[in-house]
Amino acid sequence: MPEPQFGAVMRFVPPTRDVAIGETTSVLLNVEKVTDLFGAPLRITFDSQRLRLMDVGLGPLMTSDGQQPIFSRNILNDKGEASIILNRMPGSPGISGMGGLVTLTFQAVSQGQALIQVAEGNFRNSKQDAITTGKPMAMIVVK
């Protein structure tokens, strides 16, 4: 079994943000130091008592060479999670470098601290080997 590839860093930008009830705010899920990224399925979890996920938008990283990836999202606000499929088209090369994978747009619905995190991120390179990235978190404080 091949060794997993190390070195990619995933983080939310910004990592913390203050918003008022009713406001919308966005956080970017960014990847740095990635080599040959081909597939990036994600499961994002969030505090559904304080936040409502309005949209998941495709970031610029997977389209940086002009090719459109396979991209779909399933937002489950009642459960406080979103499943995201993000893969390069078969036969395409992987992407290297850094940039935004997805932008998450939330609406604040009640006061308190709301944690957002990547619960699963099973990144793969073009040979389908695992790329380790960690599981970043962000905090939105609803005032």
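Considering each of LEU104, LEU28 in turn, give the residue that is touching a strand residue (DSSP E or B) at 6+ places or on another chain (Cβ under 8 Å), within 20 Å of LYS135 (Cβ to Cβ) and surrounded by 19 or more Cβ atoms within 10 Å (Cβ to Cβ).
LEU104
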Residue match in the stretch 63-72 (condition: surrounded by 14 or more Cβ atoms within 10 Å (Cβ to Cβ), touching a residue at least 40 places away in the same chain (Cβ under 8 Å) and under 23 Å from ALA8 (Cα atoms)): no
Per-region count, the stretch 45-83, residues part of a strand (DSSP E or B), more than 12 Å from THR105 (Cβ to Cβ) and touching a strand residue (DSSP E or B) at 6+ places or on another chain (Cβ under 6 Å): 8
Hits in the stretch 16-50 (condition: at pLDDT 95 or above, within 15 Å of ALA119 (Cβ to Cβ) and among the small types (Gly, Ala, Ser)): SER48
Index of the failed condition, ASP78 passing every other in (1) in contact (Cβ under 8 Å) with a residue 40 or more places away in the chain; (2) out of contact with any helix residue (DSSP H, G or I) (no Cβ under 9 Å at 6 or more places or on another chain); (3) not polar (S, T, N, Q): (1)
Near pairs, Cβ below 7 angstrom, 6+ apart or cross-chain, from the stretch 117-143 (over 21 Å from ASP36 (Cα atoms)) to any residue that is basic (Lys, Arg) and not in a loop (DSSP other than H, G, I, E, B): ALA119/ARG43; ILE140/ARG17
Any hit, the stretch 76-96, residues being of a type in the set (Val, Ile, Thr), modelled with pLDDT under 95 and in contact with an Asp or Glu (Cβ under 8 Å, 6 or more places away or on another chain): yes
Residue check for VAL27: within 16 Å of the chain's Cα centre (by Cα) and β-branched (Val, Ile, Thr): yes
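The values are calculated or read from the model by the stated rules, or taken from the named source; none is laboratory data. Every value quoted in this text rests on a predicted model; they were computed, and no experiment measured them. Virtual Cβ from ideal backbone geometry, glycine too; neighbours counted across all protein chains shown.
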